[in-house]
Amino acid sequence: MATPPPPQHEPTSTSSLSKSDSGRKKLLAVLVIAAIAGLGWHFMHQSPADGAGYQSGRHGMGKTGAPQPVTAKPAVKTDMTVYLNALGTVTANYTATVRSLVNGQLEKVYFHEGQQVKAGDLLAQVDPRPFQVLLTQAEGQLAKDQALLKNAQIDLLRYKALLAQNSIAEQQVATQEALVRQYQGSVKADQGQVDSAKLQLTYSRITAPISGRVGLRQVDPGNNVSTGDTNGIVVITQEQPMNVVYPVPEASLGAIIKARRTGGPLPVEAWDRENTVKLADGKLLTTDNLIDTTTGTLKLKAQFQNTENALFPNQFVNIRMKLETQQGVTAIPTAALQRGKQGNFVYLVKPDQTVTLRKVTTGPTEGDQVAVTDGLQPGDLVVVDGVDQLREGTKIVQVKPGASSGKHKGQHGKGASGNAASGPAGEASKHHKGQA
């Protein structure tokens, strides 16, 4: 009888493994659904106090509902002066570079650097001896030709007398007349040479062409100077009066023309670079006759008497030109004006001590005030300090200027500790300690 073969173990099928993985996935899904359901039940049953505290926090208050401390000031009705601001460059009314009009050796210098001089004052002396020699030569040639002319004139008179007696030919008289005219021309030429030599001698004395302040000396005595020197001997600038040239935007041209028509010369103030110290008062002198197309600006020139010498040539100054004075405008502090995507706005304080966002249209600014042409009325309270935490409908409490930020931080700290002591968690903690 044949022996049956031993039993063989069949390999584990892939279908059983798939069923096991499917079971684990189903279990994981059930756990996730249960967790989500538990979170939903928690949020549905949270305490109303927590919800109110969260909502209050969104409006800039703590969980206790504390109002936001702010500083508010009323809009006022006032007169506001409209200024046009610009950056200008100080220019001298007259500037002259003193150059020698003759070639020669600089002999003496009679001015001190930085000295105030008047027109006609002697500044320097070029060696005059070469020009004196030329003058002497020209005067000698003039005297010679004058003697020849006088002799020719006497001969002409004699020839005319002889011609009347028919003693000489008429041609001889005509020749003598031509000789007299020739000597007359020579005398005139000699006189021109004398005048030229005198002028050269005068030019050897270098005088101030204008009144003003001399700068640094460009050449020392003993050096040769010429008419082609580009630097010259010294530069003189007139400091009284002084001008300021400044560009203004093309859009301001209409307001400038209107202001010049309705009033006299427009007042102009010059301030220092930091715009803190006023240097001088002046008036608008003139405007340029064209607009610079590359910058879209128009150049204006103002004149200042500069009696205190506060303005210096090529100095940069801030210009404030008065255009007009608007009567009875509504103005608010510039700190109250906010800017956002919706444009300019302020936080208006309502009678129930909440704030609302109010859009405004602004006008000119003067100092720390800005005019509001639309959106506010005189007496409306606007927030000027503490606006960082404000939203529409935020409850506020008014404090003194400068105290809103400090008080705000203190209230937030107090609110946090108050919640720990008096909130539901605090009560639970007290109850637990009592049971222990």
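The values are calculated or read from the model by the stated rules, or taken from the named source; none is laboratory data. Only a predicted model underlies this, so the values are computations on that prediction, with no experimental measurement involved. Here the Cβ positions follow ideal geometry from the backbone for every residue, glycine too, while neighbour counts run over all protein chains shown. We work out accessible area using only protein heavy atoms, side chains counted, and drop any ligands, DNA or RNA first. Shrake-Rupley method; radii C 1.70, N 1.55, O 1.52, S 1.80 Å.
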- Using θ = phi - 60° and Karplus 6.51 cos²θ - 1.76 cosθ + 1.60, couplings along segment 73-83 (whole Hz; Gly, Pro as x): 9, x, 6, 10, 9, 8, 9, 10, 8, 9, 10
- Calculated FRET efficiency for the pair Arg261/Thr97, C-beta based, R₀ 35 Å, to 0.05: 0.30
- Note on the structure: If the chain between Arg181 and Asn314 were fully extended at 0.36 nm per residue, the gain over the current Cα-Cα distance would be 41.9 nm
- Task: Work through the residues other than Glu177 whose Cβ is under 12 Å from its Cβ and net out their charges, Lys, Arg +1 and Asp, Glu -1.
- Result: 0
- Between Thr136 and Ser226, what FRET efficiency comes out of the Förster formula 1/(1 + (r/R0)^6) with R0 = 22 Å and r the beta carbon distance, rounded to 0.05? 0.40
- Query: For Thr354, what is the net charge nearby, where nearby means another residue's Cβ is under 12 Å from its Cβ and Lys, Arg count +1, Asp, Glu -1?
  - Reply: +1
- Taking a ≥ b ≥ c as the square roots of the eigenvalues of the Cα gyration tensor, with a/c under 1.5 meaning rounded and otherwise prolate when a/b exceeds b/c and oblate if not, segment 202-285 is prolate
- Message: Within segment 190-224, name every residue whose backbone N is under 18 Å away from a label modeled 7 Å from Cα of Tyr110 along the Cβ vector.
- Response: 199-215, 217-222
- Message: Can you work out the Karplus-derived ³J(HN,Hα) for every residue in segment 267-278? Use 6.51 cos²θ - 1.76 cosθ + 1.60 with θ = phi - 60°, whole Hz, and x for glycine or proline.
- Response: x, 10, 10, 10, 10, 6, 4, 7, 6, 10, 10, 7
- Convert each backbone phi in segment 230-235 into a coupling constant with the Karplus relation 6.51 cos²θ - 1.76 cosθ + 1.60 (shift: θ = phi - 60°), then list the ³J(HN,Hα) values in order as whole Hz, x for Gly and Pro. 6, 7, x, 8, 6, 10
- Query: Roughly to the nearest percent, how much of the accessible area of segment 112-156 is carbon and sulfur, given a 1.4 Å probe?
  - Reply: 56 percent
- Task: Return the loop-located GluC sites (Glu not before Pro) in segment 255-352 (DSSP other than H, G, I, E, B) with at most 12 other Cβ atoms within 10 Å of their own Cβ; answer none if there are none.
- Result: Glu274, Glu308
- Starting from the Cα of Ala119, move 7 Å in the Cα-to-Cβ direction to define the label point; list residues of segment 188-212 whose amide nitrogen is under 13 Å from there. 208-212
- Query: Label Val245 and Leu148 with points 7 Å out from Cα along Cα→Cβ: what is the distance between them in nm?
  - Reply: 5.6 nm
